[in-house]
Every structure is written in C-alpha cells, then in structure tokens.
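Here the structure comes first, spelled out in structure tokens, and everything after it is commentary.
The values are calculated or read from the model by the stated rules, or taken from the named source; none is laboratory data. Keep in mind it's a predicted model, so treat the numbers as computed, not measured. Here the Cβ positions follow ideal geometry from the backbone for every residue, glycine too, while neighbour counts run over all protein chains shown. Surface accessibility is based on the protein's heavy atoms, side chains included, excluding ligands, DNA and RNA. Shrake-Rupley method; radii C 1.70, N 1.55, O 1.52, S 1.80 Å.
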Amino acid sequence: MARTIGSYGPKTMEAIRKAGLRLIFEHGYEAMSLRQLAAEVGIQAGSLYNHISTKQELLFDLIQDHINELLRQLDRALAGKDEPVEKLRAFVAFHVTYHMSRKREVFIANSELRSLEPRNYEAIVALRGAYEQRLAAILADGAEQGAFEVVDVQVATFAIIALLTGLCSWYRPGGRLTREAIIAAHEKLVLSGVSPLAATALARSKRKAPRAVTAGA
C-alpha cells in the first residue's frame, strides 16, 4: 500500500485504530500481526511503535474506548428521563441504535475479551459492569415503584442485554424492517417482559396448567 500519511501525529493514530478495528474484526486478534497492520496503514512496521507499544495495548484501547463511549452516550440518552418506564424505553432505544451502527466494536468487545491480559481484562469487566448497573438501577427503581415486576434484577439485566445485543448477529442495513420498527419491536419485548400484567398472566397460566400424570398414578 502506498504511504499516504506521516509516521507521527493524531491522523496516523486514527488510521492505525481504524485499520486495527477492521483487521481484528475480519481476522481475529491472534491472527492479526503488527506488520500486517502497518502495511494496511501505509507506514513502516517500526513506525507503529511511535503510536502503540504492543498489539495488546491496541486491543485494550479499542475495547476501552468503545465501552466508555457506550457509557457516555447512554448517560446522555437517559438525561432528563424521570419515570422508570421512560428510562427503560430510552435504554432499549439507545442500546439497539448503537449496536446497529457499531457492529465491529461490539463484536470485538465481546469476542476478544478472552484475548486481554488479566489486568486489562479486569478493567474492561469493571466498565461493562458499570453499563449493566445503569440498567439494573432502572429495573430496581421500577420494581420499587410498582411499575415493573422483576423476580431477580441481576438475572433480568443480563437477559435484557443479551436480547438487545443479539440483533448484531442478524441485523443488516436495508432489510425488511426500518430501524424504527426494530427499535419498537425490542421495546415491546422488553417492556412486556417486566410488566406486572405479564407476571400476573403467567401466574394464572401456571395455576391453570394441568398437573403432570406420573406412571402408575
């Protein structure tokens, strides 16, 4: 690749990050080499060390920046929301929108967590926990106010995040549904799952379910 940028400066670092993100997404962290990364950017391999010390540093920075941005944008989306239902709708809309537009970052943050060294792994897990806690607090407040019926806040938090993040495996731009329709569908799934009415209906269905007949009964 022809050299298009200098070996120093913020533009080079940005190019390294973009190339690293794409190469890790396409080939995996272990398969990507710094020599391959340098060739992609258009600089000498030795020049990479003016910007990153190791491949591990690059991976950690990419994941850390992704989650920090996730937290920053989530807090902005929740700002001014007071009621638990309003907050939960905002959380769902934000999470779905972000994950539709940041597929590479989300994939790497999940699939390459195992490639982080112990200290870096612990730092990322702590950041992920902060994001999960935002949702857990919404669910806990809603349950306390009677707006939600939640058997276990932590389980509900993990289940909702798994549901919302799952769209990364099937969403494709230009598909049958608009982004707005996809967001609305996920809002309905999540809100109906924590609705007190849904919990009441489930309890009634369990009471009405016929008892299992065992052999010899």
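Of all residues in segment 85-104, none satisfies being surrounded by fewer than 16 Cβ atoms within 10 Å (Cβ to Cβ), within 16 Å of the chain's Cα centre (by Cα) and within 24 Å of residue 196 (Cα to Cα).
Within the span defined as segment 1-11, one or more residues are touching a residue at least 24 places away in the same chain (Cβ under 8 Å), out of contact with any helix residue (DSSP H, G or I) (no Cβ under 7 Å at 6 or more places or on another chain) and not small (Gly, Ala, Ser). From (1) under 21 Å from residue 112 (Cα atoms); (2) out of contact with any helix residue (DSSP H, G or I) (no Cβ under 7 Å at 6 or more places or on another chain); (3) of a type in the set (Asp, Glu), pick out the condition that doesn't hold for residue 40. Among (1) under 21 Å from residue 112 (Cα atoms); (2) out of contact with any helix residue (DSSP H, G or I) (no Cβ under 7 Å at 6 or more places or on another chain); (3) of a type in the set (Asp, Glu), the lone unmet condition for residue 40 is (2).
For segment 124-145, a residue qualifies if it is surrounded by fewer than 16 Cβ atoms within 10 Å (Cβ to Cβ) and of a type in the set (Gly, Ala, Ser), and the qualifying residues are 126, 129, 130, 137.
Scanning segment 111-123 for residues that are surrounded by 16 or more Cβ atoms within 10 Å (Cβ to Cβ) and either modelled with pLDDT under 95 or acidic (Asp, Glu) (or both) yields a single hit, 112.
Of all residue pairs spaced 6 or more apart or on separate chains, none has beta-carbon atoms under 6 Å together with a first member in segment 114-128 that is free of Cβ contacts under 8 Å to residues at least 24 places away in the same chain and a second member that is open to solvent by less than 60 Å² (accessible area, probe 1.4 Å) and among the hydrophobic types (A, V, I, L, M, F, W, C).
Residues that are touching a residue at least 60 places away in the same chain (Cβ under 8 Å), touching a Phe, Trp or Tyr at 6+ places or on another chain (Cβ under 7 Å) and among the basic types (Lys, Arg) do occur in segment 93-109. With respect to the conditions (1) assigned to a helix (DSSP H, G or I); (2) touching a residue at least 12 places away in the same chain (Cβ under 8 Å), residue 188 lacks only one, and its number is (2).
One residue stands out in segment 40-51 among those that are surrounded by 15 or more Cβ atoms within 10 Å (Cβ to Cβ) and of a type in the set (A, V, I, L, M, F, W, C): the one that is modelled with the highest pLDDT, namely 41.
For residue 195, the conditions (1) open to solvent by 50 Å² or more (accessible area, probe 1.4 Å); (2) at pLDDT 80 or above all hold with the exception of (1). When segment 154-190 is filtered for residues that are open to solvent by 30 Å² or more (accessible area, probe 1.4 Å), of a type in the set (Phe, Trp, Tyr) and closer than 14 Å to residue 100 by Cβ, only 170 remains.
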